[in-house]
Amino acid sequence: MTAVVVCEDVRRSFDTTVALDGVSLAVRRGEIFGIVGPNGAGKTTLLNCLEGLDSPTSGRVEVLGLDPVRHRAELATRVGVQLQSAALPPRLTVGESLELYSALYPQPQPWRPLLSTLGIEGKAKDRVDRLSGGERQRVFVALALLHRPELAFLDELTTALDPQSRRDMWGTVEQVRDQGATVVLTTHYMEEAERLCDRVAIIDHGRIVALDTVPALVAQYAPVGTARFVLSAVPTDDLSLADIPGVGHVQLEGRDLVIRGSAGVVPAVLSRLADDNITVTDVSTTSPGLEDVFLALTGRGIHSEGTH
């Protein structure tokens with residue numbers, strides 16, 4: 001499959017701070033590719049290099065077969081960019097902003113249906129500076145998609161959105177992909193990456209620590225899930241569960257039994273408890289996800305502070 005974005009050993013330093021440390025990746029045409037990691041991991045710096053807003057200290061970047069810095073003007077008509085932080089002249093209305101940007105492209109799409117898709121069709125006459133943070137975010141997404149780009153870069157797309165608006169935006173991203181565009185997005189919301197992304201690159205301290213599909217990453221780095229059992233009474237004897245194949249950590253606190261283990265351990269545990277005449281009143285399971293993958297790779301949670 002054709003690669004529309006290529007990074008080869010990309011490094012970016014700011015004085016003594018190394019923001020990107022040998023990043024290599026390739027984004028395939030037609031996929032939603034996620035760059036995930038905590039705040040300060042290097043996600044925005046990497047996107048800036050891909051968008052031609054910054055130049056790597058060393059290494060090679062190619063976007064749609066072109067150098068994003070030297071061929072910025074040509075790529076501007078083929079690439080859409082939604083920045084993490086952006087601004088418009090404060091007294092412009094939403095409609096005026098979209099009319100202005102429409103004039104920059106030879107064949108823009110009609111902007112009113114785009115506002116409807118983004119859920120802000122009633123804001124066309126409102127001034128941009130009087131919108132909520134989430135509404136402004138949607139305006140900038142509309143500006144990024146106005147010219148039907150082949151490739152869209154979306155930086156922390158849903159940071160200012162409430163949970164329902166975030167899910168609505170996910171549907172918009174999927175529509176963009178379904179209409180033929182490739183999407184590269186950054187996020188620190190692991191649920192967002194799990195829902196949207198065909199493949200994910202996990203970045204930490206400026207380095208790609210893993211890159212694959214979400215199921216492949218989970219299978220390789222975090223195959224263990226969690227099962228919680230509520231017992232009808234506190235056991236009077238020690239539970240002999242550690243010898244069950246696939247069972248890892250076992251923790252009992254009063255009537256609450258928590259077991260971390262591989263898939264399929266729940267029936268075996270229930271059978272052993274029944275043999276010991278222990279009644280279970282409730283069972284719940286939690287499947288591992290990207291949060292667990294990040295923890296396994298770095299030894300800390302995704303929302304820990306980054307260093308740059």
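Here the chain exposes an accessible surface that is 48 percent carbon and sulfur, computed with a 1.4 Å probe and the other protein chains kept in place. Between the alpha-carbon centres of the stretch 209-243 and the stretch 248-265 there is a gap of 7 Å. Per-residue Karplus couplings for the stretch 51-58, computed as 6.51 cos²θ - 1.76 cosθ + 1.60 with θ equal to phi - 60°, are listed in order as 8, x, 7, 8, 10, x, 5, 7 Hz, Gly and Pro entered as x. Residues considered: Leu239, Leu118, Leu25. Largest GNM mean-square fluctuation over the chain, using C-alpha springs under 10 Å, is found at Leu239. For the chain, the alpha carbon convex hull comes to 167 Å³ per residue, rounded to a whole number. Couplings 3J(HN,Hα) of the stretch 229-240, computed from phi: 10, 9, 8, 5, 8, 6, x, 8, 10, 5, 7, 9 Hz, in residue order, whole Hz [Karplus 6.51 cos²θ - 1.76 cosθ + 1.60, θ = phi - 60°; x for Gly and Pro]. Converting phi to 3J(HN,Hα) with the Karplus coefficients 6.51, -1.76 and 1.60 and the offset θ = phi - 60°, the stretch 153-165 yields 9, 10, 9, 6, 3, 10, 4, 8, 9, 6, x, 5, 5 Hz in sequence order, with x at every glycine or proline.
Pairs of Cα atoms under 8 Å, at least six residues apart: use those to get the relative contact order of the chain, whole percent. Write down the numbers at each step before the final one.
On the way: 586 pairs, mean separation 65.2, N = 308.
About 21 percent, as a whole number.
Sum -39500 (n - 2.57) across every DSSP H segment of at least 4 residues in the chain, then divide by the residue count to get the 222 nm mean residue ellipticity, nearest 500.
Working: 10 runs with 94 residues, N = 308.
After summing the helix terms and dividing by residue count, I get -9000 deg cm²/dmol.
Distant-in-sequence amide contacts of Ser24, defined by a placed amide H-H separation under 5 Å and a gap of 5 or more residues or a different chain, comprise Asp9, Val10, Ile208. Sorting the segments 9-17, 156-164 by their residues' average number of neighbouring beta-carbon atoms within 10 angstrom, most packed first, yields 156-164, 9-17.
Just add up the charged neighbours of Leu64: K/R +1, D/E -1, any other residue whose Cβ is under 11 Å from the Cβ of Leu64. Don't skip to the answer; put the middle values down first.
On the way: positive: Arg29, Arg78; negative: Glu62, Asp67, Glu74, Glu150.
Once positives and negatives cancel, what remains is -2.
Taking the chain as a Gaussian network of alpha-carbon nodes connected by springs under 10 Å, the highest mean-square fluctuation of the residues Arg199, Arg255, Arg78 belongs to Arg255. On the principal axes of its alpha carbon atoms, the stretch 142-299 extends 68, 32, 24 Å, with the longest extent given first.
With an 8 Å cut-off on Cα pairs and a minimum separation of 6 or more residues, tell me the relative contact order of the stretch 40-111 in percent.
It rounds to 19 percent for the stretch 40-111.
Against the compact-protein benchmark of 2.2 N^0.38 Å, the Cα-based radius of gyration of the stretch 1-154 scales to 1.13. Charged side chains reduced to their Cβ positions (Lys and Arg at +1, Asp and Glu at -1) give the chain a dipole of some 1080 debye around its Cα centre.
In this Cβ point-charge picture (+1 for Lys and Arg, -1 for Asp and Glu), the stretch 85-226 has a dipole of about 380 debye about its Cα centre.
The H on the amide N of Arg199, modeled in the peptide plane, is under 5 Å from the matching H of Ile32, Gly34, each at least 5 residues off or on a different chain. Near Ala152, the amide H atoms lying under 5 Å from its own belong to Gly80, Thr182, Val183, Val184; only residues 5 or more places off or on other chains count, and H is placed 1.01 Å from N. A Cα-only calculation for the stretch 87-128 places Rg and Dmax at 10.2, 26 Å.
Please work out whether the stretch 46-128 counts as rounded, prolate or oblate from its C-alpha gyration tensor, where a ≥ b ≥ c are the square roots of the eigenvalues and a/c under 1.5 means rounded, while otherwise a/b larger than b/c means prolate and anything else oblate? The shape class here is prolate.
The values are calculated or read from the model by the stated rules, or taken from the named source; none is laboratory data. Being a predicted model, the structure only gives us computed values, none of them experimental. Glycine gets a Cβ as well: all are built from the backbone with ideal geometry, and neighbour counts include every protein chain shown. Note: areas computed on protein heavy atoms with side chains; ligands, DNA, RNA excluded. Shrake-Rupley method; radii C 1.70, N 1.55, O 1.52, S 1.80 Å.
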